[in-house]
Amino acid sequence: AGHAGVQVAVSLRQEGFSGRIALVNDEPWLPYQRPPLSKAFLLGKIDAAAMQFRSEAFYGEQQIELVAGRGAAIDRQNKRLLLASGDALDYDHLVLATGAHNRPLNLPGAELAGVFGVKTRLDAETIAPLLKTAKRAVVIGAGFIGLEFAAVAAAEGAAVEVLELGERPMARAVSPQMSALFCAAHESWGVHFN
């Protein structure tokens, strides 16, 4: 029920598909955009409703069924998606739009209080009030989300240290010149890189 899944469902209806469309969502709220989680939503500049792709009424009007659950297995022979709850959905066509997941932090202490990932609305809702009083923040990973969080934490007054395994921030996504620009901007906001 992320961006790709919602867009597939909407596009199918827009292109005239009249069959059943079931959108599996493993979170308890309507499908929403994730990019604002590490920026505007985290800062409280927008609320959860502003992140929703569409209203609840839209899904009803378009006959897009929102199924609460998580896919657990695919029975390809019988064309069934098995959900973690034990329920199953029959399908003619199955679109896998599972999105990305945070890489697990494989370090001692990763399970301690005060260690967070930023992937879901619940993550951002948990972190947001803590940022108001945080004195220090350590960010592991200098990709887009890590740098967005670092900028927000610095704007909220925290001393921010960014740890990056690669040779430079966002090395897999941008040129060395763009990486240097992002690094300089963050450093001007008081963010330190290691």
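The values are calculated or read from the model by the stated rules, or taken from the named source; none is laboratory data. Quick caveat, the model's predicted, so the values are computed rather than measured. Glycine gets a Cβ as well: all are built from the backbone with ideal geometry, and neighbour counts include every protein chain shown. The accessibility values were calculated without ligands, DNA or RNA, using every heavy atom of the protein model including side chains. Shrake-Rupley method; radii C 1.70, N 1.55, O 1.52, S 1.80 Å.
A few points about this structure:
- Per-bin percent of Cα-Cα distances, segment 56-158 [5 Å]: 2, 9, 14, 16, 14, 11, 11, 12, 8, 3, 1, 0
- Taking the chain and dividing mean pair separation by its residue count, relative contact order in percent (alpha carbons under 8 Å, at least six apart): 17 percent
- Compared with the alpha-carbon gap, the fully stretched path from A171 to A49 is longer by 40.6 nm at 0.36 nm per residue.
- Here the Karplus relation 6.51 cos²θ - 1.76 cosθ + 1.60, evaluated at θ = phi - 60°, turns the backbone of segment 116-121 into coupling constants of 9, x, 10, 9, 10, 4 Hz, with x for every Gly and Pro.
- Ranking I46, G141, V118 by Cα position along the charge dipole of the chain, where only Lys, Arg, Asp and Glu carry charges on their C-beta atoms, puts G141 farthest toward the positive end.
- Loop chymotrypsin sites (Phe, Trp or Tyr not before Pro), segment 1-104 (other Cβ atoms within 10 Å of the site Cβ: 12 or fewer; DSSP): F17
- Shown is the FRET efficiency for K79 and K119, computed with R0 = 25 Å from the Cβ-Cβ distance and rounded to the nearest 0.05: 0.25.
- Counting only alpha carbon atoms, the long axis of helix 3-14 and the longest principal axis of the chain meet at about 40°.
- Using only side-chain charges placed at the Cβ, +1 for Lys and Arg and -1 for Asp and Glu, the dipole size of segment 68-152 relative to its Cα centre rounds to 280 debye.
- DSSP loop GluC sites (Glu not before Pro) with at most 10 other Cβ within 10 Å: longest gap in the chain: 16-110
- Simple rule: put +1 on each Lys or Arg Cβ and -1 on each Asp or Glu Cβ in segment 1-65, find the dipole, and look at L37, V8, G60; the Cα lying farthest toward the positive end is L37.
- Sites R20 and L130, calculated FRET efficiency, Cβ-Cβ separation with R0 45 Å, nearest 0.05: 0.60
- A Förster radius of 41 Å, combined with the Cβ-Cβ distance separating Q63 from E187, puts the computed FRET efficiency at roughly 0.20.
- Low-density loop positions, trypsin sites (Lys or Arg not before Pro), segment 16-92 - DSSP coil, at most 15 other Cβ in 10 Å: R20, K45, R70, R76, K79
- Rolling a 1.4 Å probe over the protein chains gives I64 an accessible area of about 10 Å².
- Oblate is the label for segment 5-130, because the ratio a/c of its alpha-carbon gyration tensor axes (a ≥ b ≥ c) is 1.5 or higher and a/b is not greater than b/c.
- Qualifying trypsin sites (Lys or Arg not before Pro) in segment 99-153, DSSP loop, other Cβ atoms within 10 Å at most 16: K119, K132, K135
- Panel values: segment 45-98, Kirkwood radius from alpha carbon pairs, Stokes-Einstein at 4 °C and 1.567 mPa s, translational diffusion coefficient 97 µm²/s.
- Dipole magnitude for segment 1-138: computed about the Cα centre from +1 point charges on Lys and Arg Cβ and -1 point charges on Asp and Glu Cβ, it is near 660 debye.
- Cα long-axis angle, helix 144-155 against the chain (0 to 90 degrees, to the nearest 10): 50 degrees
- Entry note, the chain: the mean residue ellipticity at 222 nm calculated from DSSP H runs of n ≥ 4, each adding -39500 (n - 2.57), is -9000 deg cm²/dmol after division by the residues and rounding to the nearest 500.
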